[in-house]
Amino acid sequence: MTFQGTLHPFQEEAVKMMLDRRSLLLAHDLGLGKTVSSIAAVEDLIDTGDAECALVVCPASIKWQWRNQIIKFSDGALTKVIEGDRMDRRAQYRSVKRGDVEYVIMNYEQVVADWDTVRHLAFDVIVCDEVVAIKSFGSKRSRHIKRLKAPYKFGLSGQPIENRPEELFSIMEWIDPTVLGRFDVFDQLF
């Protein structure tokens, strides 16, 4: 699985930071290639043996767009878009458990609806696209996403703060809980 594409220098820097830090909020503007950068990072992790399976959580409206981008920028990556009724999704989760795929793509609502199954799946990488979906500390969606564990976690957003600065804190609680206590990060943000 080797990344098939050419990255701009700022995307190469983003990929390097994603791999070095293991958890990162990638907050590039719309159209600057957050998806492509994430695929490049995951492909590198698969190539080096540091990852076998990545979970992409995104809005339902862009699940197939993610699949198409993975196909375009990888060398034959096996992807599974989770969809259909509960019985269809159960069969799809069984193939994930068997290790038949490198990428699993699902939307935030499915994580909540299928929590009893999803929480038992193992992922090496979790990518949350439009990570502002977990901006609320108390929502069920945020609580479930924040319980998902993986050695590598990447949040993607063109606008990580929509209304209040607290939203960024909720997102960062998932990305890297230790970052909230480090002054140097806040000094860079504000």
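The values are calculated or read from the model by the stated rules, or taken from the named source; none is laboratory data. Values in this document were obtained by computation on a predicted structure and should not be read as measured data. Neighbour counts run over all protein chains shown; Cβ positions are idealised from the backbone, glycine included. Side chains are part of the model used for accessible areas, which takes the heavy atoms of the whole protein and leaves out ligands, DNA and RNA. Shrake-Rupley method; radii C 1.70, N 1.55, O 1.52, S 1.80 Å.
Can you tell me the alpha carbon radius of gyration of the range 61-144 divided by the globular rule-of-thumb value 2.2 N^0.38 Å?
1.10
In what sequence, highest mean first, do 83-96, 119-132 appear when ranked by Cβ atoms within 10 angstrom?
The most tightly packed comes first, giving 119-132, 83-96.
Would you work out what percent of the accessible area of the range 61-105, with all protein chains in place, is carbon or sulfur (probe 1.4 Å)?
44
Once phi is turned into ³J(HN,Hα) by the Karplus curve 6.51 cos²θ - 1.76 cosθ + 1.60 with θ = phi - 60°, what whole-Hz value does each residue of the range 131-140 show in order, with x for glycine and proline?
4, 4, 4, 10, 6, 9, 4, x, 5, 4
Once phi is turned into ³J(HN,Hα) by the Karplus curve 6.51 cos²θ - 1.76 cosθ + 1.60 with θ = phi - 60°, what whole-Hz value does each residue of the range 79-84 show in order, with x for glycine and proline?
For the range 79-84, the Karplus-derived couplings read 10, 9, 8, 7, 7, x Hz, x marking Gly and Pro.
Determine the per residue accessible area of the chain with all protein chains present and a 1.4 angstrom probe, expressed in square angstrom.
51
How much length would be gained if the chain were fully extended between L78 and H120, taking 0.36 nm per residue of separation minus their Cα-Cα distance, in nm to one decimal?
13.1 nm
Using only helices, what value at 222 nm comes out for the chain when you add -39,500 (n - 2.57) per DSSP H run of length 4 or more and divide by the total residues, to the nearest 500 deg cm²/dmol?
Helices in the chain give a 222 nm mean residue ellipticity of -13000 deg cm²/dmol.
I need the per residue convex hull volume for the range 1-112, using only the alpha carbons, in cubic angstrom as a whole number.
109
Could you work out the relative contact order of the chain, using alpha carbon pairs under 8 angstrom and six or more residues apart, expressed as a whole percent?
The value is 25 percent.
Return the distance in nm (one decimal) between the two label points of a simple spin-label model at A60 and F10, each offset 7 Å from Cα along Cα→Cβ.
Here the answer is 3.3 nm between the modelled labels.
With only alpha-carbon atoms in the gyration tensor, what are the semi-axes of the equivalent ellipsoid for the chain, in Å, largest first?
With the √(5λ) rule applied to the chain, the semi-axes are 25, 21, 14 Å.
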